[in-house]
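Worksheet: the structure to be examined is printed underneath.
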Amino acid sequence: QVQLVESGGGLVQAGGSLRLSCAASGSIFSIYRMGWYRQAPGKQRELVAVITTAGTTNYVDSVKGRFTISRDNAKNTVYLQMTRLKPEDTAVYYCNAFWSYGPEYWGQGTQVTVSS
């Protein structure tokens, strides 16, 4: 069982920055591929960024060059640094933990609102 708790969301003006954090507990954090997803009102949840156990990262095209995902296995935490935010980045952001040999886990979500 893994518990994921996101923090760091909020209201920011377009062009601003936020850093989301996701603290994990309950299992061996380092074995999980970690990801950030987001869901805007009326839209499906989409993958924003992932980081593998080896540290390889991947991003959806719309955030490349603006967002950076990172992980600190010693702190059981994954981060999403978001810069040059746009109104279309407004969504609830969810943390995800995935391991091929077990269930995946989700956090409760944190709201990010970007005003124009």
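The values are calculated or read from the model by the stated rules, or taken from the named source; none is laboratory data. None of the values given here were measured: they were computed from a predicted structure. Side chains are part of the model used for accessible areas, which takes the heavy atoms of the whole protein and leaves out ligands, DNA and RNA. Shrake-Rupley method; radii C 1.70, N 1.55, O 1.52, S 1.80 Å.
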**OP:** Treating cross-link reach as a plain straight distance, find the lysines whose alpha-carbon is under 18 Å from the alpha-carbon of residue 86, omitting any fewer than eight places away in the same chain.
**Re:** 43, 64
Original post:
Per residue, how much accessible area does the range 1-110 have with a 1.4 Å probe, in Å²?
Top reply: 52
Original post:
At a 1.4 Å probe, what is the % contribution of carbon and sulfur to the accessible area of the chain?
Top reply: 50
Subject >> Relative contact order (%) - the chain, alpha-carbon pairs under 8 angstrom, separation at least six >> reply: 36
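How large is the Rg to Rh ratio of the chain when both quantities use alpha carbon positions and Rh follows Kirkwood?
Here Rg/Rh amounts to 0.95.
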